[in-house]
Every structure is written in C-alpha cells, then in structure tokens.
Amino acid sequence: MRHLLPFIVLSVVLAALSQAAPPNILLILPDQMRASAMGCDGNAQVKTPNIDRLAAEGMRFRRTYANVPVCCPARAILMTGTYPHVNGMMANDLRLREEQVTLAERLRDAGYRTGFIGKWHLDGGPREPGFVPPGPRRQGFEFWAAYECHHKHFQPDYFRDTPERLVVNKFEPEASCDFAVEFLRTQPKEKPFFLTVQMGPPHDPYGAPDQYMKLYDAASLKPDASWQEGSEGRPAPKTGLRRGPLAGRFVPVGGREEIAAYYAAITAIDDQVGRLLKTLKETGADENTIILFTSDHGDMLGNHGMRRKRKPHDESARVPGILRWPARVPKGRVVETLFSHVDMAPTLLALAGQAVPKEMQGADLSRVALGETTEGPEAVLLQIFVPFNPDGIDRPWRGIITQDHTYARHEDKAWVLFDDKADPRQMKNLAEDAPASALRERLDARLAALMKRHGDAWTFGSAELVEEGGRLYRHGTFESVQEYIDWAKANPDKGR
C-alpha cells in the first residue's frame, strides 16, 4: 500500500486542479505606450510603481512586440489571434467583420462574463459619435462602456447600451477605471470574467492633469541617445491641449515638453493600475486573476528623428508585456522569449484551460508564463500594409525581429537593419552596409519564409491605399480593404 501512496497523492492533486475555478482575465491596454516608458524596463525617469509591482509579482516578457504597430490592426490581432491579411483589419477605421471569432466570444461561450471599457476602434466608419449597438458588432462583449475613437483625454465621452452620449469630466484613465470598478464590484462570485480596459492616453495630444505634470521637469529630462529635437513634421495644432474641461493648452511638439507630458500621462495610468489591483484584492478576485498589461503600439517621440508609430524601431514596435497571476505565474521573472500580439489570445486561452483554435496563427506561450520553459517563436513578423505620410511612411513594408536583429524592407529594397545585441539603441542602420550583405540575404530569406508560412504576400496592401488625416479615405462607405482597393482602381482621380 505504501508504494501506492505517491500515485494516490498525485491523483488527488490532479483532481483538485481539474476542479479549480477558471481564472479571471484582466487585459489592461493603454494606447501608444512604448515598453521603455516603465521603471521596470530600466527607465529611471518615469514613475510607474504599480506597473513595476505587476512585473515584480508576475512575469515580464521583455521582448514583446506589436506585429502591426498601429491602432486598429493591432487590436484586431490581439482579439482574434490572426494577422490583418486574414482578419481584414489592414488599416485604421475599418470594421472587424462579425464572422471573425474573437477572444471575447470564445471566453463568453466558455461561461465567462465579458466586459469592454474604453477605446474600441474596431467598428469602422466615422469615429464620431462612436456608439456601437449591443449585438454582434460588440464581438462577444456584454458589459460595455466604450467609444469608437477619440482623444478627448480630459472630458471623454462613452456609450453604454443606448445612443445617449455620457460625458465624464475626468482624465480618461480615471473615467475608464470607474467603469472597471463597477464591473468588478458587480461580478458574480461563481462566474469567471474577462474584462479589458483600453485607455486612451498616453496617445497624443500629450498632457495630463496638473498633479502629474508637476512631477516632471521637462528641462531636466535626459532623452535617449537617438532623440532629435524638433523632429515634428506636422503643423503645430492651432487649438490648445485640454488640461481640464474648460482650460486649453497644448504641449509644444518636438521638444522635451512632450516627453514630460507623455510620462505624466503614464504615471496617471499607473495610479489607475494600482486602483484596479486594490479592487481585485477587496473583491477577493486577486489571487485567481490573470492580468496582462500591454499596449497596441509604441511612440517614436522624436527618437531617430521620427514621429508616432508604424515603424519597426524599438520605440514603435516594442510594447509592455507583463503577465501576473498570483496563483500560478512565478514572481519576478524576466524572460527574453519573443512574444507578440498574435500570441496573446492563444496564450490567454491556454492559461484559462481552453483549447487553442487551429485558426489562430500565434504561439501558445502558456508554458513560458508558468515558468516551465523559455522556448518560444524564433522570430516575430512585422507588417504595415498602408502608407501614411504624416507618420513618414510612404510605402508598405514588412519586417522580422529575431533574437539578434531587427530587419525591415519595402518590396524593392532593404530599409532598416539593426544588430540588437551589439547596438541595443539601434543607432547604426546596416541596411546599406556592404559588410552586412550576407546577413541581409539570410534575413531576407527568413522574412520570406515567415511571410509564406503565415500566408502573407506583398500583394496584400497597395500604394493605392492612402490614408488622409489619420483615416482610410473611403467616405465612410467601404467595409473592407479589398472593397476600397477595387474602388480606388476604378476611380484613380478620387482614390488618392
């Protein structure tokens, strides 16, 4: 009998695990937050004690990337586990089609209560007024306090289940967190939840409430070595940045002031992360809640003389990747495993004990999260399908990130190549360096193989796809990229 004891104990443990309550999932996603804007990533200038606490109490994937570093495509990848050439979201302001099955729908069907709060940006059409009616266009979310897209950081408006606009006189992260607290405090104890809070800041226009702005002295900030002052290519805004419901002021662009304001907004977000942690503790949900903290893309903020996103550079493509689950994820680990948006849905599903659908194109990194391995993807695929001149992108590009290199090219020529081991600040572009020709050939081959593996091709995206003023030029009538391409070819005088 004694020799059977270990097997009996193991059976009891396995039985207990099989009957354990499914974990809750809280996905926190601020807009346009680069990974390097966190204390836990080595930035001593920005104050992020609660985000740092998430990392200390969980696992940080230091090398987390946006496959398509721009808003709508990134969010669609995260929700579906598929690339834009599969889910159709190759540009901003398209609508994620109802036939696409999202993470929320899969978890809802598995018995989860689902909630979405903040910036949705997956419904297409005009950004205003931004009401998404209950039903299939909410892509599986039940609790709703959201808007399609706006950057009214100081007086945000939301919609619930009617077209009545709800204006909140608070900084957007706090307003969104109010709804999140409502969701958490009304959560039935016997039911798991999937809640995502997708805050508008620190996206430009740059600013934060006064108590956060006072924490940062622009003149004393020390920008990165690659930062270039006065790199703003767009006209300065004619109207002021709103720092309060009735006050107007804009932070000058292209200088240290916008870095200070960016950090101030992140510290404001950090306070709300602390508030969410406190609410989870008070409601008894903390121990069994998976928190994933990430962003849709980063922000160049003048690094390398560039603005905003859509770049393969670290400041644009690398985003926070912090996973905390007190019940099971080891504390305080930092891994170099490559992790990207396309991996997030399959990883969360697996951690929740759900099957990963074969349609998902990302990797299930749940074993990495649980501390069982550090093995992951050999490379990350980067894509930009649509030119956008205000961001300095005049042609589509594709890229690959490996353990050692960042490489991107247009169809006809190499664009950037960085040795991330020898040159972590990406100061020397080797794209046209003669001694690097053999390396470029190897990376070209790896990129072509990665594109083929995931069904991508240069024919996806087109020079005829032109964004004007930040939205796809389609008069609000086109529901897919292909429909716009067909229209643009038939109307060359109107399609640009």
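Values computed for the structure shown
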| quantity | calculated |
| --- | --- |
| Only listed residue being touching a Phe, Trp or Tyr at 6+ places or on another chain (Cβ under 7 Å), under 25 Å from ILE400 (Cβ atoms) and assigned by TED's automatic domain parsing to the domain that holds LEU78, chosen from LEU292, LEU348, LEU338, LEU301 | LEU301 |
| Scope region 126-143; condition charged (D, E, K, R) and not in a loop (DSSP other than H, G, I, E, B); matching residues | ARG137, ARG138 |
| Filtered residues of region 364-413 (kept if basic (Lys, Arg) and in contact with a Leu (Cβ under 9 Å, 6 or more places away or on another chain)) | ARG398, ARG409 |
| Lone unmet requirement of (1) of a type outside the set (D, E, K, R); (2) in contact with a helix residue (DSSP H, G or I) (Cβ under 6 Å, 6 or more places away or on another chain); (3) not in a loop (DSSP other than H, G, I, E, B) for HIS153 | (3) |
| Residue within region 164-172 that is assigned to a loop (DSSP other than H, G, I, E, B), modelled with pLDDT of 95 or more and in contact with a Ser or Thr (Cβ under 8 Å, 6 or more places away or on another chain) present | no |
| Qualifying residue in region 388-399 (condition: on the phi < 0 side of the Ramachandran plot, without any contact (Cβ under 8 Å) to a residue 60 or more places away in the chain and surrounded by 13 or more Cβ atoms within 10 Å (Cβ to Cβ)) | no |
| Region 364-373: number of residues that are among the hydroxyl-bearing types (Ser, Thr, Tyr) and assigned to a loop (DSSP other than H, G, I, E, B) | 1 |
| Per-region count, region 342-384, residues among the charged types (D, E, K, R) and touching a helix residue (DSSP H, G or I) at 6+ places or on another chain (Cβ under 6 Å) | 1 |
| Helices (runs of 4 or more DSSP H) fully within region 64-113 counting 3 or more residues that are among the hydrophobic types (A, V, I, L, M, F, W, C) and farther than 25 Å from ALA457 by Cβ | 103-109 |
| Whichever residue in region 114-125 is closer than 20 Å to MET344 by Cβ and part of a strand (DSSP E or B) and, among such residues, is nearest to the chain's Cα centre (by Cα) | LYS119 |
| Those residues of region 49-91 which are hydroxyl-bearing (Ser, Thr, Tyr) and either surrounded by fewer than 23 Cβ atoms within 10 Å (Cβ to Cβ) or out of contact with any helix residue (DSSP H, G or I) (no Cβ under 6 Å at 6 or more places or on another chain) (or both), in sequence order | THR64, THR82, TYR83 |
| Check on GLY476, in contact with a Pro (Cβ under 9 Å, 6 or more places away or on another chain) and either in a loop (DSSP other than H, G, I, E, B) or modelled with pLDDT under 95 (or both) | yes |
| Members of region 159-174 that are surrounded by fewer than 22 Cβ atoms within 10 Å (Cβ to Cβ) and either outside the structural domain of MET213 (by TED's automatic domain parsing) or not aliphatic (A, V, I, L, M) (or both) | PHE159, ARG160, ASP161, THR162, PRO163, GLU164, ARG165, ASN169, LYS170, GLU174 |
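The values are calculated or read from the model by the stated rules, or taken from the named source; none is laboratory data. It should be emphasised that the depicted structure is a prediction, and the values quoted were computed from it without experimental measurement. No Cβ is skipped: glycine too gets one built from the backbone with ideal geometry, and neighbour counts run over all protein chains shown.
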